[in-house]
Structure formats: structure tokens, C-alpha cells
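The values are calculated or read from the model by the stated rules, or taken from the named source; none is laboratory data. These figures come from a predicted structure and were not determined experimentally. FYI the Cβ positions are ideal-geometry reconstructions off the backbone, even for glycines, and counts take in every protein chain you see.
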Amino acid sequence: MPSPTQQVGQWHEQRAQSLLQERGMRLLQRNFRCRSGEIDLIAQDREHLVFIEVRSRSHDRQGTAAASIGPRKQQRIIRAAQVFLLRYSQYQSWPCRFDVVSFDGEAAGEWIRDAFQVPSP
């Protein structure tokens, strides 16, 4: 049985999924996990493969939900996306994007397209 924190996370992921589907995105996978990390939602937005991180904060004492995705978390998501692309080769030629859907308090979700990018070598 999921913990209360996991239940809240699942609820926000469902809200994010609904928000994105209302805007025309097609969900491909939810909660992709590998040793490198986890990706909350993976969707298709026209010709893009989109890796989506869902974050929520009940208050802003430590900053916004979106601001909580620092460089270390971004790297874990990027590594997990690379594993996804290795496992599902049919998507390897698709342009990719990293989006964030954040929920702060009782506010509606905020969709941040292209929230971060893979750093250049």
C-alpha cells in the first residue's frame, strides 16, 4: 500500500496527465523506472517525445515546486531518459524535450515546456 506521500504524488501525476492530455499530448508511459532514476510521465507532443517531471509543494517555505528540480535531479531524469531511448529504439530518432508540471499549494498545475535541456558536452 502506498504511503500518504506516494498517494499525494500519484494524485498529482494523474492531475498532470489530465492537464497534458487536455492540451493534446498522448501519454506513452507512466512511472518509467530504471537504476538511473524515474520519469513520472512520458508523452508524445506532436513530433516530440516529452519526458515530464511532476512536482508538488504544499507550501512555499522552501521555494516553488518547479525550483526544487536542481541540477542533480535533472541529471537523474536525463540518464533515465537515455535508458528509455535504449530500451525503446523506435523513439531514438524523435526530438526530445524535458517538461515540468508543478503544483504549488492549491493552485492549478503549471506546465513548463522545455524546462531544462541536456547540457552540451
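Data for the structure
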{"read-out": "Residue 108 vs. criteria in contact with a strand residue (DSSP E or B) (Cβ under 7 Å, 6 or more places away or on another chain), modelled with pLDDT under 90 and not hydroxyl-bearing (Ser, Thr, Tyr)", "value": "no"}
{"read-out": "Failed item in (1) touching a Cys at 6+ places or on another chain (Cβ under 6 Å); (2) surrounded by fewer than 17 Cβ atoms within 10 Å (Cβ to Cβ), with residue 80 passing the rest", "value": "(2)"}
{"read-out": "Only one of 49, 27 that is modelled with pLDDT of 95 or more, closer than 22 Å to residue 15 by Cα, hydrophobic (A, V, I, L, M, F, W, C) and crowded, with 18+ Cβ neighbours inside 10 Å", "value": "49"}
{"read-out": "Among residues of segment 79-105, those that are touching a Ser or Thr at 6+ places or on another chain (Cβ under 8 Å) and modelled with pLDDT of 95 or more, counted", "value": "4"}
{"read-out": "Subset of segment 64-121 that is part of a loop (DSSP other than H, G, I, E, B) and hydroxyl-bearing (Ser, Thr, Tyr) - its residue that is nearest to residue 15 (Cα to Cα)", "value": "64"}
